[in-house]
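One structure below.
The values are calculated or read from the model by the stated rules, or taken from the named source; none is laboratory data. Bear in mind that the values here come from a model prediction, so they are computed numbers and not experimental data. Note that we place each Cβ from the backbone using ideal geometry, even for glycine, and neighbour counts take in every protein chain shown. Keep in mind that these areas ignore ligands, DNA and RNA; they rest on the heavy atoms of the full protein, side chains included. Shrake-Rupley method; radii C 1.70, N 1.55, O 1.52, S 1.80 Å.
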Amino acid sequence: MKHLLAAALLPMTTFGQYLNDPILPPQHPWQGASEMLQLPASDPLATPGEQSGLIQSPDYQETFQWLDGLIGRSPKLSKVSLGTSPQGREIWMVVAAGDGAATPEELMANGNPTLLVQAGIHAGEIDGKDAGMMLLRDMALGKKGKLLDGANLLFVPIFNVDGHERRGPYNRVNQRGPEVMGWRTTATNLNLNRDYAKADTPEMQAMITALNLWNPLLYIDVHVTDGIDYQYDVTYGYNLAVGHSPATYRWLENTYRPSVDRALSQAGHIPGSLVFAMDNTDMSQGLSLWNPSPRYSNGYGDVRHLPTILIENHSLKPFRQRVLGTYVMLEHTLTLLADRSEELRQAVKQDQARRPDPVILTWESERQPQGWDFKGIGYTTEISEVSGARVIRWSGEPKLYPKLPVTGRTKAGIHRARPAAYYIPAQWQLVVERLQLHGIQMTQLSEPVTQTLSSYSLKHQFSGKDYEGRQRVSVTATEHLGRHNLPKGTWRVTTDQPLGELAIQLLEPEATDSLLQWGFFNTIFTRTEYIEQYAVEPMAQKMLESDPDLKKAFSQKLAADPNFANNPQARLRWFYENSSYYDKEYQRYPVLRKLNP
């Protein structure tokens, strides 16, 4: 049956038509000034993608064979490996600088702002690779070399290198090209754009190490979206005003977006904000404003004060159109950085100097004060003969949806007083290693100390299914203040540092992407000692006889809680939990907090 479907969708491409076009919504032909950026297939400098008319995208070997040839012809370009994938492939980064700088120290010395662009975090969404290759060629050998006089470019053509080589024509059914594309997840089936906070994969560990080492001023992560049909071909987003980097947000919103939108529009593209529908079958339900958490690239950038832009090109636009739009956006970003980088640097410094108190750990949805005029596509709905459900049929015709309601997670949820520092027992080595990987400053106690500290007891609920290779856990925390003995070797993490907000979001157990919620502390929820009924019964009698306050508390609980009163096991467990035999570390978060005076 699968082969019959494939045969029905062939031929692969004719004049830019893709094999899945018969099952996708209709489209209008596109023309734009950015078409002038594309070299003819016969040009000796054409990229592998251009040699196909921007219908195909090269595999890993072809990509770096071509890039190596380009690097060999230009003193402005060099290449470094960020690390190795599980299948043994190098994750290469091209370094482009007008003075030939090739190391982090040399880039810092030339004084220019550095832009890091990564493509293929989801390897089927590969527009950024082909756009970056074209732009590198034009800067190294063409007429755009001056772009590198004012800014440096770090370019990762393929981040998810193993997924990139799981190539095939059937990998992304909702996406118009390239003809053959990679796979969304890694060789171990993990999604790299869910891995920034927990950093489980060697690929992400390599990228975070690179962010710390090369210290870019701006970070761009290139994707292709799914979802509804609309007129925009290049959409992009970043942190929100309510996030951890408000000064960065203001620069991106008031300086970057107007300038980039103009450049894209002049080149024949339709730029838009990163947007999702509340209901993919009913536009009247409005739009969703995304407030990303630190598991995502742009949410991670927000919490570590690294300006981060997530591009989501529209999957229903042809590959060629998407690549050319990405080229325009990357080129103009370099131009803008050369002119306005000092403003962005100052914004980053302002965000790094913030010490908000309390700290917000979760966000709740609320209706936004203003609706959006949305450049959408007309549609009808009908009852499907296949599924029996109501389905949407996009017409391909432009339609303006005025003042659509917008809902977003912008209302502060759980919040806690900002601690001055955290104390982590030395045995939690994996937690310490992750914090160090992120670049968070830490020190170890050289002598034992006793301090008044805050601790949490937790009530937990494990997720009902595996997610990204982990069993996530949600918790409700109750805070306690008391004296604690800290042995030599305990790790101290101050929040008074540039990455203090990141440390807080990783170490506060109620935070959405805390290491606890990602399962790094799951063993604290395991009971390892028990008491038999023949022992607890006489122990309870002695406790009632010797402790009037406990006897009163037991009587009150019997009167207040009928379920407890009628549950013999719960009654015996209550005495065990109130005895000296009970494990006082059970469901106790081992990370302690030093509160501000």
Rounded to one decimal in nm, the spacing of the 7 Å Cα→Cβ label points at ASN212 and ARG354 is 2.3 nm
For region 372-411, place one equal point scatterer on every Cα, skip the solvent, and apply the Debye formula. What is log10 of I(q)/I(0) at q = 0.19, 0.20 Å⁻¹? -0.72, -0.74
Given 0.36 nm per residue, what is the gain on full extension from GLN346 to SER259 after removing their alpha carbon distance, in nm? 29.4 nm
Whole number in Å², please: accessible area per residue of region 266-423, 1.4 Å probe, ligands, DNA and RNA not counted. 43 Å²
What are the ³J(HN,Hα) values, in whole Hz, obtained from phi via the Karplus relation 6.51 cos²θ - 1.76 cosθ + 1.60 with θ = phi - 60°, for each residue of region 337-345 in sequence order, with x given for Gly and Pro? 4, 4, 8, 10, 5, 5, 4, 5, 4
List the trypsin sites (Lys or Arg not before Pro) within region 91-157 that fall in a DSSP loop (any state other than H, G, I, E or B) and whose Cβ has at most 14 other Cβ atoms within 10 Å. LYS143, LYS146
Given a Förster distance of 60 Å, the FRET efficiency implied by the Cβ-Cβ spacing of LEU141 and ASP496, rounded to the nearest 0.05, works out to 0.80
Given 25 °C and 0.890 mPa s, how large is the Stokes-Einstein diffusion coefficient of region 539-582 in µm²/s, with Rh as the Kirkwood radius over Cα pairs? 231 µm²/s
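Quick one: with all protein chains in place, what share of the accessible area of region 353-471 is carbon or sulfur, to the nearest percent (1.4 Å probe)?
Ligands and nucleic acids excluded, carbon and sulfur give 50 percent.
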According to the Kirkwood expression over distinct Cα-Cα pairs, how big is the hydrodynamic radius of region 260-386, in Å? 18.1 Å
Roughly how many Å² is the accessible area per residue of region 161-209, as a whole number, for a 1.4 Å probe? 31 Å²
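Give me the percent of Cα-Cα pairs in region 85-207 that sit more than 25 Å apart, rounded to a whole number.
Considering region 85-207, 33 percent of its Cα-Cα pairs are separated by more than 25 Å.
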With everything on Cα atoms, drop me the angle between helix 127-140 and the longest principal axis of the chain, reported from 0 to 90° to the nearest 10. 60 degrees
Please state the Cα pair-distance histogram of region 354-512 with 5 angstrom bins from zero: what percent is in each bin? 2, 7, 11, 13, 14, 12, 9, 8, 6, 6, 5, 4, 2, 2, 0
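Can you give me the % of accessible surface on region 534-597 that is carbon or sulfur? Probe 1.4 Å, all protein chains present, nothing else counted.
50 percent
Could you tell me which of the pairs LYS198/LYS349; LYS488/LYS594; LYS317/LYS399; LYS79/LYS143 are separated by over 24 angstrom between their Cα atoms in the structure shown?
In this structure, LYS198/LYS349 lie more than 24 Å apart at Cα.
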Give the long-range amide H neighbours of ALA421: residues separated by 5 or more places, or on another chain, with amide H under 5 Å away, using H modelled in the peptide plane at 1.01 Å from N. THR495, LYS594
Cα convex hull of region 456-496, projected area averaged across orientations, nm²: 5.3 nm²
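Work out, step by step, the length gained on full extension between GLU577 and ALA560: first 0.36 nm times the residue separation, then minus their alpha carbon distance; give nm to one decimal.
4.3 nm
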Let me check I've understood the local charge: for ARG262, count other residues with C-beta under 15 angstrom from its C-beta, Lys and Arg +1, Asp and Glu -1. What total comes out? -2
Select one label from (i) 47, 26, 25; (ii) 47, 36, 23; (iii) 50, 30, 22: the one whose number is semi-axes √(5λ) of the Cα gyration tensor in Å as derived from the coordinates shown. (iii)
Starting from the exponent 0.38 and prefactor 2.2 Å, build the expected Rg for region 110-164 from its residue count and divide its actual Cα Rg by it. 1.23
Using alpha carbon positions and the Kirkwood radius, the Rg to Rh ratio of region 224-285 is 1.03
In whole Hz, what ³J(HN,Hα) sequence does region 207-214 give by Karplus (6.51, -1.76, 1.60; θ = phi - 60°), x for Gly and Pro? 5, 5, 4, 5, 4, 5, 6, 8
Relative to the first principal axis of the alpha-carbon coordinates of the chain, what is the inclination of helix 533-546, with its axis defined by its Cα atoms, in degrees from 0 to 90 and to the nearest 10? 60 degrees
Cα centroids of region 505-532 and region 28-87: how far apart, whole angstrom? 46 Å
Residue separation times 0.36 nm, minus the C-alpha to C-alpha distance between LYS542 and GLN368: what's the value? 56.6 nm
Per residue of region 230-242, in order, report the coupling 6.51 cos²θ - 1.76 cosθ + 1.60 (Karplus, θ = phi - 60°) as ³J(HN,Hα) in whole Hz, putting x for Gly and Pro. 7, 7, 4, 10, 10, 10, 7, x, 7, 4, 9, 4, 7
Calculated FRET efficiency for the pair MET36/ASP59, C-beta based, R₀ 35 Å, to 0.05: 0.80
Taking amide H positions as placed in the peptide plane 1.01 Å from N, state which residues far from TYR379 in sequence (5 or more) or on other chains have amide H under 5 Å from it. SER395
Could you work out how far helix 60-72 tilts from the main Cα principal axis of the chain, as a 0 to 90 degree angle to the nearest 10? 70 degrees
Would you compute, from DSSP H runs of 4+ residues alone, the mean residue ellipticity of the chain at 222 nm, taking -39500 (n - 2.57) per run and dividing by the full residue count, rounded to the nearest 500? -9000 deg cm²/dmol
Given H placed on each backbone N at 1.01 Å, which residues far from ILE309 in sequence or on other chains put an amide H within less than 5 Å of it? TYR219, ILE220, ASP221
In region 496-597, taking the dipole from +1 charges on Lys and Arg beta carbons and -1 charges on Asp and Glu beta carbons about the Cα centre, the listed residue (TYR576, PHE520, LEU506) farthest towards the positive end is TYR576
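Once R0 is set to 56 Å, what does the formula 1/(1 + (r/R0)^6) return for the Cβ-Cβ distance between LYS551 and LYS411, expressed as a FRET efficiency to the nearest 0.05?
Efficiency at R0 = 56 Å is approximately 0.80.
Is there a quick way to get the dipole size of region 14-163? I mean about its Cα centre, with the Cβ of Lys and Arg at +1 and of Asp and Glu at -1; what is the value in debye to the nearest 20?
300 debye
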